[in-house]
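The values are calculated or read from the model by the stated rules, or taken from the named source; none is laboratory data. Quick caveat: nothing in here was measured; it's all calculated off a predicted structure. Don't worry about glycine lacking a Cβ; one is built from the backbone with ideal geometry, like all the others, and counts go over all protein chains shown. Keep in mind that these areas ignore ligands, DNA and RNA; they rest on the heavy atoms of the full protein, side chains included. Shrake-Rupley method; radii C 1.70, N 1.55, O 1.52, S 1.80 Å.
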Amino acid sequence: MHKNLFDLTGRRILITGSNGGIGHSLALGLAQHGATVILNGRSAAKLHAAAELLREQGLSAEEARFDITDEAEVADAIARLDPLGGVDVLMNNAGIQRRISLEHVDLETWNEVLLTNLTSAMLVSREIAKRMIQKRAGKIINVCSLMSDLGRITTGPYTAAKGGLKMLTKAMCADWAQYNIQINAIGPGYFITEMTQVLADNPEFDAWVKSRTPARRWGKPEELVGSAVFLSSAASDFVNGQIIYIDGGMISVL
Ligand code: GCO
C-alpha cells in the first residue's frame with residue numbers, strides 16, 4: 001500500500017499573517033489536508049475569529065499572537081509553541097504593500113516594507129530553524145511574488161523585499177538543507193485579496209492583468225493550496241531552494 005506522499009496529518013504548520021487574505025486561504029487549505037495550522041497575527045481578536053472559522057469546520061487550528069517584526073516577541077512566541085508540539089512547517093506569508101514611486105519614498109515606509117516582508121522571515125525562520133536543526137527535520141515556505149523577479153511601477157519597496165525573500169530562500173537552503181530542512185518558495189501572481197482589491201476595482205488594471213496573464217484571469221486564493229500542500233509534504237523531501245510560480249503563466253510570457 002503506497003503511503004500518501006501528500007498527507008499532512010499530524011503536521012504542525014505555522015503561517016504568519018494568516019488572519020485573512022492569502023494567509024488564511026492557505027491555512028484553510030492546509031488544515032483541510034490534515035494539518036494542524038497555527039495562525040498568526042498581531043490582533044488577538046482577529047486571530048481568534050480567523051481560527052474559529054476553521055474550528056467551526058472541524059479543522060485543527062491554533063493561535064499564536066505575536067508581532068513578526070519584534071525580535072523578542074518572535075523568540076518568546078516560538079518558545080511557547082515548544083510544549084504544544086513545536087512547528088514542523090513554517091510559511092513566511094506576512095507582507096504589506098505600499099505603492100509609491102522611489103523618488104518619493106520616505107525611509108519610514110521603506111523600512112516598514114523591508115522589515116515586514118523580508119526581515120521578519122529571517123527572524124521567525126531563525127528561531128524555528130534552531131529547533132528544526134535539532135530535530136533534523138522541517139520545512140520552510142517563503143511566500144514570494146511575481147515581484148521577486150519582475151518590477152512594476154510604484155512597487156519599489158515591495159519588489160526589493162520580495163526579491164530579497166527569493167534570495168533568502170536560497171541562502172536558507174545553503175545553510176540548512178544539510179539538516180534535512182527543505183526551504184522553498186511560492187510566487188503568487190495576481191490574486192484578488194485585500195492587498196489587491198484596489199487594483200481589481202480599476203477597470204484598466206483589471207483589463208491589463210487579464211491581457212498580460214496567459215490564463216486571461218486573476219487567480220483564486222484556493223489555487224495556491226496545491227503548491228503549499230506539495231511543499232509542506234513528504235512529496236517535496238528532495239526539493240530545495242526552489243520557487244514555484246502560481247501565476248497563470250504571467251512570468252513566463254511577454
Ligand atoms: C501590485 C500588486 C502585486 C501583487 C502580487 C503580484 O501592486 O502590482 O500588489 O505586487 O500583490 O505581489 O505577484
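Residues in segment 135-166 that are more than 23 Å from PHE230 (Cα to Cα) and among the hydroxyl-bearing types (Ser, Thr, Tyr): 4 in all. For segment 1-27, residues that are open to solvent by 30 Å² or more (accessible area, probe 1.4 Å) and basic (Lys, Arg) total 2.
Which residues, counting only those in segment 127-141, are assigned to a strand (DSSP E or B) and farther than 21 Å from GLU71 by Cβ? First the steps, then the outcome.
First, the residues of segment 127-141 that are assigned to a strand (DSSP E or B): 138-141.
The answer is LYS139, ILE141.
Here ALA44, ALA61 are screened, and the one residue that is hydrophobic (A, V, I, L, M, F, W, C), surrounded by 18 or more Cβ atoms within 10 Å (Cβ to Cβ) and over 16 Å from the mean Cα position of the chain (by Cα) is ALA61. Apart from one condition, ALA77 fits all of (1) open to solvent by 10 Å² or more (accessible area, probe 1.4 Å); (2) more than 14 Å from the ligand (Cβ to nearest atom); the exception is (1). Taking residues in segment 236-254 that are among the acidic types (Asp, Glu), and partners anywhere that are open to solvent by less than 40 Å² (accessible area, probe 1.4 Å), the pairs with Cβ atoms closer than 8 Å and at least 6 places apart or on different chains are ASP237/GLN182; ASP247/LEU146; ASP247/GLY187; ASP247/PRO188; ASP247/GLY189; ASP247/TYR190; ASP247/THR213; ASP247/GLY219. Can you confirm whether segment 173-186 contains a residue that is of a type in the set (Ser, Thr, Tyr), touching a strand residue (DSSP E or B) at 6+ places or on another chain (Cβ under 9 Å), assigned to a helix (DSSP H, G or I) and surrounded by 18 or more Cβ atoms within 10 Å (Cβ to Cβ)? Looking through segment 173-186, none of the residues is of a type in the set (Ser, Thr, Tyr), touching a strand residue (DSSP E or B) at 6+ places or on another chain (Cβ under 9 Å), assigned to a helix (DSSP H, G or I) and surrounded by 18 or more Cβ atoms within 10 Å (Cβ to Cβ). Among the residues of segment 113-145, those identified as among the β-branched types (Val, Ile, Thr) and open to solvent by 10 Å² or more (accessible area, probe 1.4 Å) are THR116, THR119, ILE133. Selection over segment 191-238 of residues that are within 29 Å of GLY34 (Cα to Cα) and open to solvent by 40 Å² or more (accessible area, probe 1.4 Å) gives a count of 10. One residue alone among LEU14, LEU47 is closer than 24 Å to ASP76 by Cβ and touching an Asp or Glu at 6+ places or on another chain (Cβ under 7 Å), and that residue is LEU47.
Within segment 142-197, the set of residues being of a type in the set (Val, Ile, Thr) and within 15 Å of the ligand (Cβ to nearest atom) comprises VAL143, ILE153, THR154, THR155, THR159, ILE186, ILE192, THR193, THR196.
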